[in-house]
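Accompanying notes for the structure given below.
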């Protein structure tokens, strides 16, 4: 497509002589602008993808993809319904659960918690808990008065394995002296670290039968949690399960409904950041235009000589197009490499910066997650590279066209 002569002249023009150093400096600035723009876009998009993936994994891993609720206080005869749900195509699991609020007290400290009552087998299948147990063992969960709590809750209440935690229900027992608080003491059998502060600081797991007695639900539960093969397609599974709930005073509620505003906000922020950071690449492309225009002006005499020696307008246009596209291509790939390396090592880099500055840059209390996530999407990387290359190629056309239209006679006359 391009001859060896055209490539030689283009690369020679990019290497300015000592007296023409300014042209080389502006070329470097254009190169750095494109590289930084591409790197920033890849890093930010990777972090946004990481946030969404980590939050989605933890939210649906802890709470299930679908939930079957009763319109009344409790859901009875749940065993038969649970088995029917498990037989549906695409359903990977279903388990009954009691979820209620309580006040947890220990060592003179108190905080609000969310109680999850479930069987030991169902808790073991909940990988978000089973794979992140940092203290204790799940086999002790079979005991009636055992409890498994999050790491941050344990730190807040000063609890270790074997300690006692008292749970107080918001609904009291009616007595002759008025309503008395209903409380029960549990022994810490395990401590988990799910990596999400909302769960690590508020969730308390107790045996299903203990939860039913504590909240006076009899043989009922508050809901059945359902897990599917593809959480993103939860609307399809919800529709498939609809016939099982018809006429039974039941309703279905999925994770997208429960976290609709949360994930919508993340998607909006992600799209806005993509647009804003793309502007950096656009600005860098304008730098390519100004660099090539100055290069054409500076090389006017050289262009005129080449034209008189037989170089065609097309050859001169290709020479300067090669010069501009080289800046953009090298800058884009260097930026992509830097962005990928930064994204893959972002948590290590964060820890190094925190060590040097002596401060915490990424507070789990603010960002919900205990570490800075990054997830590189190859399609987005190719999209960023495509946009950067397209913009720089377009930016190179006008200066290249100006160079091809330069009149050799006029250029030599004013030299």
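Okay, here's what the table says:
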| read-out | value |
| --- | --- |
| The stretch 75-88 - residue that is free of Cβ contacts under 8 Å to residues at least 12 places away in the same chain and in a loop (DSSP other than H, G, I, E, B) and, of those, farthest from residue 230 (Cα to Cα) | 77 |
| Members of the stretch 225-236 found to be surrounded by 18 or more Cβ atoms within 10 Å (Cβ to Cβ) and in contact with a strand residue (DSSP E or B) (Cβ under 8 Å, 6 or more places away or on another chain), listed by number | 225, 226, 227, 228, 234 |
| Condition broken by residue 162, with the remaining ones in (1) in a loop (DSSP other than H, G, I, E, B); (2) over 28 Å from the mean Cα position of the chain (by Cα); (3) crowded, with 16+ Cβ neighbours inside 10 Å satisfied | (3) |
| Odd one out for residue 170 among (1) at pLDDT below 85; (2) part of a helix (DSSP H, G or I); (3) over 34 Å from the mean Cα position of the chain (by Cα) | (2) |
| Residue 86 surrounded by fewer than 16 Cβ atoms within 10 Å (Cβ to Cβ) and either touching a helix residue (DSSP H, G or I) at 6+ places or on another chain (Cβ under 9 Å) or at pLDDT 85 or above (or both) | yes |
| Verdict on residue 311 being crowded, with 17+ Cβ neighbours inside 10 Å, assigned by TED's automatic domain parsing to the domain that holds residue 30, more than 38 Å from the chain's Cα centre (by Cα) and not in a helix (DSSP H, G or I) | yes |
| Boolean, residue 112 is under 27 Å from residue 171 (Cβ atoms), touching a strand residue (DSSP E or B) at 6+ places or on another chain (Cβ under 9 Å) and not assigned by TED's automatic domain parsing to the domain that holds residue 202 | no |
| Within the stretch 178-224, tally of residues that are buried (at least 17 other Cβ atoms within 10 Å of the Cβ) and either in a helix (DSSP H, G or I) or outside the structural domain of residue 146 (by TED's automatic domain parsing) (or both) | 9 |
| Index of the failed condition, residue 227 passing every other in (1) in a strand (DSSP E or B); (2) more than 21 Å from residue 66 (Cα to Cα) | (2) |
| Check on residue 144, assigned to a loop (DSSP other than H, G, I, E, B), touching a strand residue (DSSP E or B) at 6+ places or on another chain (Cβ under 9 Å) and either loosely packed, with under 13 Cβ neighbours inside 10 Å or modelled with pLDDT under 90 (or both) | yes |
| Within the stretch 317-351, tally of residues that are at pLDDT below 85 and closer than 30 Å to residue 195 by Cα | 6 |
| Residues of the stretch 230-252 satisfying the condition of being in contact with a helix residue (DSSP H, G or I) (Cβ under 9 Å, 6 or more places away or on another chain) and outside any helix (DSSP H, G or I) | 230, 248, 250, 251, 252 |
| Residue within the stretch 51-74 that is assigned to a loop (DSSP other than H, G, I, E, B), out of contact with any strand residue (DSSP E or B) (no Cβ under 7 Å at 6 or more places or on another chain) and either touching a residue at least 60 places away in the same chain (Cβ under 8 Å) or within 25 Å of residue 223 (Cβ to Cβ) (or both) present | yes |
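The values are calculated or read from the model by the stated rules, or taken from the named source; none is laboratory data. Predicted model, so just to flag it, every value in this text is computed and none were measured. Reconstructed Cβ throughout: ideal geometry from the backbone, glycine too, with neighbour counts over all protein chains shown.
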